[in-house]
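The values are calculated or read from the model by the stated rules, or taken from the named source; none is laboratory data. Being a predicted model, the structure only gives us computed values, none of them experimental. Here the Cβ positions follow ideal geometry from the backbone for every residue, glycine too, while neighbour counts run over all protein chains shown.
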Amino acid sequence: MKIAIGADHGGFSLKEVVVPFIQSLGHEVEDVGCDCEQSVDYPDYALPVCELVAQGKADRGILICGTGIGMSIAANKVTGIRCALVHDMFSAQATRDHNDTNVLAMGERVIGPGIAQEIIRIWLETPFSGGERHVGRLGKVKQIEAKYAHPAHAE
Ligand code: RB5
């Protein structure tokens, strides 16, 4: 798969560790930055990663900031993005299985590189179950997205 990845200064060091790890799993990586620990704004890196995924130019996206929270908030504003903030292996598996997430957010100040790599491995390898219940629920999520894409109808 092609994986787009981005981080702010709070996630830069973890990004540097996980990029070669993702490549070692056989995936292509497009790194949108940032390139050092100088302070930057997480939405500036969430947006290009999510646009690559939403436009079909990347299969999945990975976003890292200090907590992962800002990145996940920004990512879920992009139409077509289903981003999960994940800090444990169970959620990494469940969010692919149930939510068909296409973007993963993590916090460098929350977990270490060993857990982050295992989360990434599980998240990349787990397919969406495609189960009727989950497809139906994702359809309802899409309806919310569509409703608020046209504010005139959101009353
Ligand atoms: C930056 O200090 C920090 O706020 C950011 O990396 C992230 O944790 C925001 O949610």
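Selection within region 109-122: residues that are in contact (Cβ under 8 Å) with a residue 40 or more places away in the chain and β-branched (Val, Ile, Thr). The member of this set that is farthest from the ligand (Cβ to nearest atom) is Ile120.
Count of region 67-90 residues, restricted to those that are more than 17 Å from Trp123 (Cβ to Cβ), in a helix (DSSP H, G or I) and in contact with a Leu (Cβ under 8 Å, 6 or more places away or on another chain), is 2.
With respect to Ala149, is the statement that it is aliphatic (A, V, I, L, M) and either under 16 Å from the mean Cα position of the chain (by Cα) or within 22 Å of Ile62 (Cβ to Cβ) (or both) true? Against the criterion (aliphatic (A, V, I, L, M) and either under 16 Å from the mean Cα position of the chain (by Cα) or within 22 Å of Ile62 (Cβ to Cβ) (or both)), Ala149 does not qualify. Among the residues of region 46-66, those identified as more than 11 Å from the ligand (Cβ to nearest atom) and in a helix (DSSP H, G or I) are Leu47, Pro48, Val49, Cys50, Glu51, Leu52, Val53, Ala54. Here region 118-155 is the region considered, the condition is being of a type in the set (Gly, Ala, Ser) and part of a loop (DSSP other than H, G, I, E, B), and the residue that is modelled with the lowest pLDDT is Ala154.
With respect to the conditions (1) of a type in the set (Phe, Trp, Tyr); (2) within 16 Å of the ligand (Cβ to nearest atom); (3) closer than 22 Å to Glu118 by Cβ, Phe21 lacks only one, and its number is (2). Listed by first and then second residue, the pairs with beta-carbon distance under 6 Å, at least 6 apart or on different chains, first residue in region 1-21 and within 22 Å of Gln55 (Cβ to Cβ), second in a helix (DSSP H, G or I) and away from the ligand (no atom under 16 Å from the Cβ), are Ile3/Ile22; Ala4/Leu52. I'd like to check something: does region 7-19 contain any residue that is touching a helix residue (DSSP H, G or I) at 6+ places or on another chain (Cβ under 7 Å), closer than 17 Å to Met71 by Cα and of a type in the set (Phe, Trp, Tyr)? Checked against the condition, which is being touching a helix residue (DSSP H, G or I) at 6+ places or on another chain (Cβ under 7 Å), closer than 17 Å to Met71 by Cα and of a type in the set (Phe, Trp, Tyr), region 7-19 yields no hits at all. Considering Asp35, Asp31, Asp44, Asp97, the condition of being surrounded by 16 or more Cβ atoms within 10 Å (Cβ to Cβ), of a type outside the set (Ser, Thr, Tyr) and over 28 Å from His134 (Cβ atoms) is satisfied by Asp31 alone. Looking only at region 67-108, residues that are at positive phi and within 11 Å of the ligand (Cβ to nearest atom) come to 1 in all.
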